[in-house]
Amino acid sequence: MDLSCTDEEEEFRARLAAWLAATLPGLPPRPDPLDWPARRAYDCGWQRRLYDAGYADVHWDASPTQRLIFLEETELAGAPYVGANFVGLLHAGPTIAAEGTPAQRARWLPPVLRGDEVWCQGFSEPDAGSDLASLRTKAVRDGDAYVVTGQKIWTSHAEVADWCELLVRTDPDAPSRHRGITWLAMPMDAPGVTVRPLRTLAGSTEFAEVFLDEVRVPVENRVGEENDGWRVTMVTLSFERGTAFVGEVVACRRLLGELARAARKNGTWDDAVLRRRLGRLSAEFQALWRIVQANVSEAQATGGVPGAGGSVFKLHYSHARQELYEAAAAVLGPDALDLGRDWTLDRLSSLSYTIAAGTSQIQRNIVAERILGLPKGR
Amino acid sequence: MDFRLTEDQQALRRGVRDLLEGRFGREALRAAVDSGGALDRDLWRGLGAAGFFALRLPEEAGGVGLGLPEAVLVFEEAGRALLPGPLVATHLAAGSVPGAAEGDVVVTEVAEGLVPWLDAADVVVGDASGAVPVRSVDPLTPLHRVPLPPPAPGGEETSPEAVLLTAAEQVGSAGRTTAEAVSYARRREQFGQVIGGFQAVKHLCAGMLVRTELARAAVRAASLTVDPVEIAGAKLLADEAATANARDCLQVHGGMGFTWEADVHLHLKRAWVRAGLRLPAARAEEAVAAGL
């Protein structure tokens, strides 16, 4: 057991921290959270700065420890979140890097790193959310293209995305529903793609419905083999659960510090019950960070793809983060009912954490079946 | 950074597990309960001979020369096996109380107004005057109460190492009750299938694993940083894991879990005692909050 970093890694940390300190003050003000084109421009601008400074590929090419240092330092410094680049950098990018051909890697990876192209995720459907394998969007081979018809839902950033990592059914007669699924990269400006934004309970258009009407997707846009999309998807999901939330733990520790300062200032810190609640949350986020380090150590030793330990992390993380906002509401008092406060919007948004990227109930099934070896069942 | 166990650490853990299974397996545990919970001096010397107490003494002083991360692994195994006795106090006394390192002398301490194993101990750390016996909730941890002293100026802190090693025992117990619940859920049949196939039961078991892993990561990291705030947080999560897992394990066992014959109540009662003896939840939460 060793939590220390090598000299090389510490040098990377110091260089990054110095760059952040010099760069962050010069950033433009953050856009209105409801203005998606402005958010895309802001997030891609930040990605471009990372690219120009040589930090853009840290999610793919750096060692896992270096990636952790990157996430820790950027969050501690209060740097912008990956935002609209989330799917490209943390799901589609790693998947193409792991499963794509050299030509596909050359086509899609550099624009993601430069902040030129934004991706969204076309996995969920109205009747296939948690039961992802029951998806029905069909793709029929026609010459050198797949003709895709169906509907996707809960597609974050669809309004401003250039590409969609799309799961389609290519063999409706496959012996199991997990077979017969294919992973495609679909251009969002292709004829037949219609995006209808959905309003979340927070009032924003965070995600959208995507309607697909005989959309032609070139066969060369297929990542992995035809009908082998489920396996490719499992690679994507293990990234999603395993590492995509890592930076947010650091963000939570920072938020908790802000909350403690606010509580000391407005007197709620004198409430022992509330103070102890913040103490407990602090212990939980500290332990979650240690679990991240354990998972990353495991992934580093076994070849990079995070394992089912990601589900252990996500289960507790998503609940703890919701608890953080409940505690924040207790500290903020009347301000917690003011939609003009970031905390209030974030509290509303946090309700999605136990649903998105696999509900907590699905994660418990994964933990019970894949780690504890309990039988599959209902 | 590599937060996994080294090969040596894995070998140590295996070795301690084998040793404890041999010297204090289930039959020995139940025999100790049935006999009314007297301290087994032979077992104690056996632990001494195996280096349990001298683990962190330097080799030139006759110790094993290992560190706190290794001690945490060893105490996790002790918790897993429900090994009785004032293990932490004796381990911490090794090197300062003659005979403790070898297991010839049993050392206990006063903590939170309680003294475990007072009658069995040769040496008591702290002031045990006025101690009166109580009927301990844990059949394998006899307890005395002492009048609570007035709070010392500056706050006399429980040693962070004692807190951490106690937390490690809690993690061991949490891991064991998870394994017992899963094992039972895989063989007990109801409604024509094993109950481990029901989501209601699976989700209980998954929750147990999550609590254990969270506490284990916290305890192991704290053994490396030796940061008092991180240790307090680790104890908080380990207490939670041990007590809540014992309750969930009991629930998975159904009526069987409520009987004296099932071991789960022994885990629950010991977890309660450990939670109460060193840095109970309220103070642990305050300690972590103070670090914010």
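The values are calculated or read from the model by the stated rules, or taken from the named source; none is laboratory data. Every value quoted in this text rests on a predicted model; they were computed, and no experiment measured them. Please note: Cβ atoms are built from the backbone with ideal geometry, for glycine as well, and neighbour counts cover all protein chains shown.
The figures follow:
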quantity: Of all residues making up the stretch B:99-125, the number that are part of a loop (DSSP other than H, G, I, E, B) and under 21 Å from the mean Cα position of the chain (by Cα); calculated: 14
quantity: A:GLY279 vs. criteria at positive phi and modelled with pLDDT of 95 or more; calculated: no
quantity: B:LEU204 vs. criteria of a type in the set (A, V, I, L, M), assigned to a helix (DSSP H, G or I) and within 26 Å of B:ASP2 (Cα to Cα); calculated: no
quantity: The stretch A:81-104 - residue that is surrounded by fewer than 17 Cβ atoms within 10 Å (Cβ to Cβ) and more than 14 Å from the chain's Cα centre (by Cα) and, of those, farthest from A:ARG49 (Cα to Cα); calculated: A:THR101
quantity: A:LEU89, sole failed condition from (1) among the hydrophobic types (A, V, I, L, M, F, W, C); (2) in contact (Cβ under 8 Å) with a residue 60 or more places away in the chain; (3) in contact with a strand residue (DSSP E or B) (Cβ under 9 Å, 6 or more places away or on another chain); calculated: (2)
quantity: Positions within the stretch B:253-268 being in a helix (DSSP H, G or I) and either surrounded by fewer than 17 Cβ atoms within 10 Å (Cβ to Cβ) or touching a helix residue (DSSP H, G or I) at 6+ places or on another chain (Cβ under 6 Å) (or both), in sequence order; calculated: B:HIS253, B:GLY254, B:GLY255, B:MET256, B:GLY257, B:PHE258, B:VAL264, B:HIS267, B:LEU268
quantity: Test for B:LEU165: is it closer than 26 Å to B:ARG56 by Cα and touching a Pro at 6+ places or on another chain (Cβ under 9 Å); calculated: no
quantity: Which listed residue is aliphatic (A, V, I, L, M), surrounded by 15 or more Cβ atoms within 10 Å (Cβ to Cβ), over 27 Å from B:LEU57 (Cβ atoms) and at pLDDT 95 or above, from B:LEU118, B:LEU143, B:LEU165; calculated: B:LEU143
quantity: Selected residue [out of contact with any strand residue (DSSP E or B) (no Cβ under 7 Å at 6 or more places or on another chain), within 23 Å of B:VAL171 (Cα to Cα), at pLDDT below 90 and within 14 Å of chain B (Cβ to nearest Cβ)] from A:VAL296, A:VAL367; calculated: A:VAL296
quantity: Qualifying residue in the stretch A:163-181 (condition: in a helix (DSSP H, G or I) and closer than 30 Å to A:ASP52 by Cβ); calculated: no
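A quick yes/no check of all residues on (1) away from chain A (no Cβ under 12 Å); (2) free of Cβ contacts under 8 Å to residues at least 60 places away in the same chain:
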residue	(1), (2)
B:VAL201	no, yes
B:CYS205	no, yes
B:ARG211	no, yes
B:ASP227	no, yes
B:ARG247	yes, yes
B:GLN251	yes, yes
B:HIS267	yes, no
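Listed here are the residues, each with its yes/no results for (1) crowded, with 21+ Cβ neighbours inside 10 Å; (2) aliphatic (A, V, I, L, M); (3) within 10 Å of chain B (Cβ to nearest Cβ).
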position: A:ARG277; (1), (2), (3): no, no, yes
position: A:PHE285; (1), (2), (3): yes, no, yes
position: A:ALA330; (1), (2), (3): no, yes, no
position: A:ALA336; (1), (2), (3): no, yes, no
position: A:GLY340; (1), (2), (3): no, no, no
position: A:SER350; (1), (2), (3): no, no, no
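Here is a yes/no grid of residues against (1) within 14 Å of chain A (Cβ to nearest Cβ); (2) not in a helix (DSSP H, G or I):
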| position | (1), (2) |
| --- | --- |
| B:ARG14 | no, no |
| B:ALA28 | no, no |
| B:ALA32 | no, no |
| B:GLY48 | no, no |
| B:PHE52 | no, yes |
| B:GLU70 | yes, no |
| B:GLU76 | yes, no |
| B:GLY79 | no, no |
| B:LEU83 | no, yes |
